[in-house]
Amino acid sequence: MIFKSKSKFDMLDQYLAQHDYTAALEAIVEEIKRKPENFNLLLRQAEILGLAGDRDAAIAIYRKLARQFAEDGFYARAIAVTNKLLRLDPEHPEVTRELAGFISAKQEAEEAARLRFKPAKPARTAAVQAPPPPPPPPPEPEVSEAVLAEPEPPAAPEAPAPTPLPESPTAVIPEPPSPQQAEKEREASKFFAEFPARALEELLDSTSVRSFAADETIVREGDPGLSLFLIEEGSVEVVTKDPAGHPLVLGRMGAGEFFGEVSVLTGRPRTATIVATSPVTAIEIYRDDLDRIATRHPVVREVLRRFYEQRAHATVEAMLGRLRGRRE
């Protein structure tokens, strides 16, 4: 029988447990050479560099990752990485200003691009003066209806699809989000993009990244709602009590989803209990900080109002409403 020896990367946790950071760095660098596009590996490398005492190298990686996550629209991840940097070395307050400026500039560029490529409405006078063109030859409508005027064969865009599969990370490193999950995270990140640059910088300065263990209660039904959370990694259960007082699970939430916003924006107590079902990393934003920022930047109140209205269908209260509807 042939036994396959473990790679250095398979030994990573063992190296860390032994505080052998030299071997741990060699292992992670070796894996990054195989999968250079895996940002989770770069995050792990920065963490190990911080443990090894090489703060400058760790900070350089964190900065690079924060910018890349922001470039890809994952603003929550960029904020979490920036928070890691500041916990490692608080003497870099400029990183929040850099991130806020980059997010604002990116949003302005995207808005300009949308306006530039927005299809122009056909002129009404032209429609009256010119009769509609004669029907096209028989082959042409079939092509336009079938492939929306794309001359390429349908097999071409499907070719790259299998390529990401061999690059999926090992069990040691969290997997990147699925396309659906990535879209959910980008959608949630728009909350930050709507803040003006100066207000966003103040918001980033006031956010904190919290970690919770599996089975830990994050918020409890009936408690005052002092803060809202955006899940950056992990999953939670939304729990209330049935008429007999027994726990009743309303649903689950994962990365890219908010909770606690109803209490923060209305002042009402927590409407449900939130329990971590796995290790959870979440961005916490306090009501007092939002009030302070809105006082200094009145436009923020409109941002918060829109956020509340857009989120109404996805809140814990909506879950409670569906539950009551089933009972009736």
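The values are calculated or read from the model by the stated rules, or taken from the named source; none is laboratory data. None of the values given here were measured: they were computed from a predicted structure. Positions of Cβ are backbone-derived with ideal geometry, glycine not excepted, and every protein chain shown enters the neighbour counts.
Give the range 203-218 a look and list any residue that's assigned to a loop (DSSP other than H, G, I, E, B) and modelled with pLDDT of 95 or more, or say none. Give the derivation first.
So the first thing to find is which residues in the range 203-218 are assigned to a loop (DSSP other than H, G, I, E, B), and the list is 207, 213-216.
213, 214, 215, 216, listed by residue number.
Can you say whether residue 221 is of a type outside the set (Phe, Trp, Tyr) and in a strand (DSSP E or B), as far as the supplied structure shows? Quick ask: steps written out before the conclusion?
On the way: of a type outside the set (Phe, Trp, Tyr): yes; in a strand (DSSP E or B): no.
Considered against the rule, which asks whether it is of a type outside the set (Phe, Trp, Tyr) and in a strand (DSSP E or B), residue 221 comes out as no.
Can you name the residue in the range 212-250 that is at positive phi and among the small types (Gly, Ala, Ser) and, of all such residues, is farthest from the chain's Cα centre (by Cα)?
By that ranking, first place goes to 245.
So how many residues does the range 235-256 have that are surrounded by fewer than 20 Cβ atoms within 10 Å (Cβ to Cβ) and in contact (Cβ under 8 Å) with a residue 40 or more places away in the chain?
Qualifying residue count for the region: 7.
Looking at the range 292-311, can you tell me whether even one residue there is more than 21 Å from the chain's Cα centre (by Cα) and assigned to a loop (DSSP other than H, G, I, E, B)?
Yes, the range 292-311 contains at least one residue that is more than 21 Å from the chain's Cα centre (by Cα) and assigned to a loop (DSSP other than H, G, I, E, B).
Could we say that residue 261 is buried (at least 21 other Cβ atoms within 10 Å of the Cβ) and at pLDDT below 90 here?
yes
Just wondering, is there one or more residues in the range 197-214 that are within 23 Å of residue 69 (Cβ to Cβ), charged (D, E, K, R) and crowded, with 18+ Cβ neighbours inside 10 Å?
yes
If the requirement is being in contact with a strand residue (DSSP E or B) (Cβ under 6 Å, 6 or more places away or on another chain) and either in a helix (DSSP H, G or I) or free of Cβ contacts under 8 Å to residues at least 40 places away in the same chain (or both), which of these qualifies: 24, 60, 80, 46?
Exactly one residue qualifies, and that residue is 80.
To keep it simple, each residue is scored yes or no on (1) assigned to a helix (DSSP H, G or I); (2) under 16 Å from the mean Cα position of the chain (by Cα).
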position	(1), (2)
14	yes, no
30	yes, no
73	no, yes
91	no, no
101	yes, no
